[in-house]
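Taken together, the values in this text are just the output of simple stated rules run on the coordinates, not laboratory data. Please read all numbers here as calculations on a predicted model, not as lab measurements. Cβ atoms come from the backbone with ideal geometry, glycine included; neighbour counts cover every protein chain shown.
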Amino acid sequence: MSTDIEHEAKDTVFIGKKPIMAYVTSALIQLANNPKVSIKARGLSIGRAVDVAQIIARRTDNSGYSIVQVKIGSEQLQSLDGRARNVSTIEIEVTKNA
């Protein structure tokens, strides 16, 4: 039996420092099996997350994917010197068109 956390991890792509097309491919594979996928990033990776979502939605027009929701926020993280700092976050939800 799967929990909500396990289900969320399966339909979520966390953006890091890999090439953009690696994340696009991962998201498209997940969209083949799930009706939606969340693309999440924080800090300097936010631009890459937006690029991934745009590539999926715009360059695959025939496949029928669209961006349905964008959430922005911030998280408080502890830096290496021990001080708390705010880091911006983004979550972009992409779904298959019906």
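Remarks
- Residue list for segment 10-61, restricted to those being loosely packed, with under 13 Cβ neighbours inside 10 Å, in contact with a helix residue (DSSP H, G or I) (Cβ under 9 Å, 6 or more places away or on another chain) and part of a helix (DSSP H, G or I): K10, M21, N33, R59
- Any hit, segment 54-72, residues being under 15 Å from F14 (Cβ atoms) and not charged (D, E, K, R): no
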